[in-house]
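The values are calculated or read from the model by the stated rules, or taken from the named source; none is laboratory data. Computed from a predicted model, the values in this text were never measured in an experiment. Here the Cβ positions follow ideal geometry from the backbone for every residue, glycine too, while neighbour counts run over all protein chains shown.
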Amino acid sequence: MARKKRVALSLFWRTFVLLALLLGGGIFAWVQTLRALDTEPRVVLAAQQIASLVNLSREGLRHADRIQRVALVKAMTAREAIRVAPREPADKWEPFEEDRFTGRVAGEIRSRLGPDTIVASSVNGISGLWVGFTIESDPWWLQAEAARIHPLTRGTWAMWVGIALLATVIGSVAIARLINQPLRELSFAASRIRGGEYDSRLDENTLTSEIREVNMGFNRMARELAKVEEDRAVMLAGISHDLRTPLARLRLEAEMSVTDEEAKRNMAADIDQLDAIIDKFMDYARPGETHLKPVMLARLIDKEAAAFRDPTEIQIVSKVAIDIAVMADETELGRVFGNLFENARRYGRGIDTGIALVSVTYARSGPWVIVTVRDRGPGVPPSKLSQLTTPFFRGDAARTAATGAGLGLAIVDKAMQRMGGHLELANAPEGGLVIHVRLKRAPA
């Protein structure tokens, strides 16, 4: 059963999402609180305004005779956009209570003007805020603008909430960037250290004390690593010189003093083996700095294969197209294929022929080129495939003929990591070891 792939969020997006949820939740809570706090004052204010208009109209009409009432009604309509008209028994009206807000407004108006007050949303098909009241037993209508008492519309709320959410998103992005900037700088500096650039330094004067302490510790670590790397380079050079000098003397002594030709050949072979082991140690311990550039893959593979001239030991067939180029360090990549071919020569020989038959093929996969190196040897037990790139490890099939240092595939794996590539090992279904070398394609 395939494992379910987990969604991975960068620290920036994780911080942004958490801040956005926090601030968005705060905005939602404030909106609900403001709406609740806004309703009651608006109800009271609207009812007070309408009740005041009705009371002023009632008092004005009560103290005016019939002729003055007509003039007063016309003046109120022209100046205050308020209509006062007699209420007829045949009038048809619709209740004003349409929702909770209008219901509370109507109740507040009745509490101020009396329980027999009529509050309607339309009279005889004319919309508005209609209030029915009496003056000395004469029924009247007062029509006011309905906009006087309506709450904030949904559009208004949506606009303000949208502005608040937009400000939240912008603020979350800015805050997330500020929070993650030191971590991004630390990650970048760490990647440079991993690539062998030990001169990377972080700001030790930042205001945040925790970040300042981390940066100071990182800089101290970078300086110590640079010193260790420098000491290692000097030590390796010394070891190489001190070991090769006595080997050269032994070789000369064997050539001049040993008369038995077979013993002389055996001694020379042992000295060559020791020399090759020193080379392996030096290759594995060399600094990790690489210079990537386009490398013609087929030409490099043919060059490395040409070094294995004895067809009775190994035969290499390459089927890599001549126009395939990859991004790599040419020296490192040559060392990779040289070690792979040497590994096949030692441990990939066929049981019947005693010859290592090696095939090199390739395949394109998006931005990658996958080079496959396969032999027809006995292969490796599946339980030990993952250990082949461990320094000084040899599979069971190689133990009896172990003449190397056990560093070949470890050197290959380390070189691939330095070049940003990947190494995969498997057993072929028909037998033999299959090694996949994944490299980045060079831009056209």
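Considering only the range 37-60, state which residues are among the aliphatic types (A, V, I, L, M) and modelled with pLDDT of 75 or more.
Across the range 37-60, the qualifying residues are 50, 51, 53, 54, 56.
Somewhere in the range 179-189, is a residue in the same structural domain as residue 279 (by TED's automatic domain parsing) and touching a helix residue (DSSP H, G or I) at 6+ places or on another chain (Cβ under 6 Å)? It would help to see each step written out before you state the result.
Residues of the range 179-189 that are in the same structural domain as residue 279 (by TED's automatic domain parsing), as a first pass: none.
No, because not a single residue in the range 179-189 is in the same structural domain as residue 279 (by TED's automatic domain parsing) and touching a helix residue (DSSP H, G or I) at 6+ places or on another chain (Cβ under 6 Å).
Might you check whether a residue that is out of contact with any Pro (no Cβ under 6 Å at 6 or more places or on another chain) and at pLDDT 75 or above occurs anywhere in the range 66-80? It would help to see each step written out before you state the result.
Of the range 66-80, the ones out of contact with any Pro (no Cβ under 6 Å at 6 or more places or on another chain) are 66-80.
From what is left, the residues that are at pLDDT 75 or above are none.
No, the range 66-80 has no match at all.
Kindly check whether there is at least one residue in the range 108-118 that is among the hydroxyl-bearing types (Ser, Thr, Tyr) and modelled with pLDDT of 80 or more.
First, pick out the residues of the range 108-118 that are among the hydroxyl-bearing types (Ser, Thr, Tyr): 111, 117.
Within this subset, residues satisfying the condition of being modelled with pLDDT of 80 or more are 111, 117.
So far as the range 108-118 goes, yes, one or more of its residues are among the hydroxyl-bearing types (Ser, Thr, Tyr) and modelled with pLDDT of 80 or more.
Rundown of residues vs (1) of a type outside the set (Phe, Trp, Tyr); (2) under 30 Å from residue 275 (Cβ atoms); (3) outside any loop (DSSP other than H, G, I, E, B), yes/no style:
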site: 170; (1), (2), (3): yes, no, yes
site: 174; (1), (2), (3): yes, no, yes
site: 200; (1), (2), (3): yes, no, no
site: 235; (1), (2), (3): yes, yes, yes
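Only one of these is touching a Pro at 6+ places or on another chain (Cβ under 9 Å), hydrophobic (A, V, I, L, M, F, W, C) and modelled with pLDDT of 75 or more: 271, 211. Name it.
Within the list 271, 211, the selection yields 211.
Just to be sure I understand the filter: pairs with C-beta atoms under 6 Å, separated by 6 or more residues or on different chains, first member in the range 84-111 and closer than 23 Å to residue 135 by Cβ, second member in a loop (DSSP other than H, G, I, E, B) and acidic (Asp, Glu). Which pairs pass?
Pairs that qualify, where the first residue is closer than 23 Å to residue 135 by Cβ and the partner is in a loop (DSSP other than H, G, I, E, B) and acidic (Asp, Glu), are 106/97.
Please state which one of 228, 234, 173 is surrounded by 15 or more Cβ atoms within 10 Å (Cβ to Cβ) and either of a type in the set (A, V, I, L, M) or at pLDDT 80 or above (or both).
None of the others qualify; the one that does is 173.
What's the number of the condition residue 377 fails, among (1) modelled with pLDDT of 85 or more; (2) small (Gly, Ala, Ser); (3) more than 16 Å from residue 341 (Cα to Cα)?
The one condition residue 377 does not meet is (3).
Residues checked against (1) of a type outside the set (A, V, I, L, M, F, W, C); (2) within 24 Å of residue 408 (Cβ to Cβ); (3) in contact (Cβ under 8 Å) with a residue 40 or more places away in the chain:
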residue	(1), (2), (3)
202	no, no, no
206	yes, no, no
209	yes, no, no
219	yes, no, no
224	yes, no, no
249	yes, no, no
258	no, no, no
267	no, no, no
274	no, yes, no
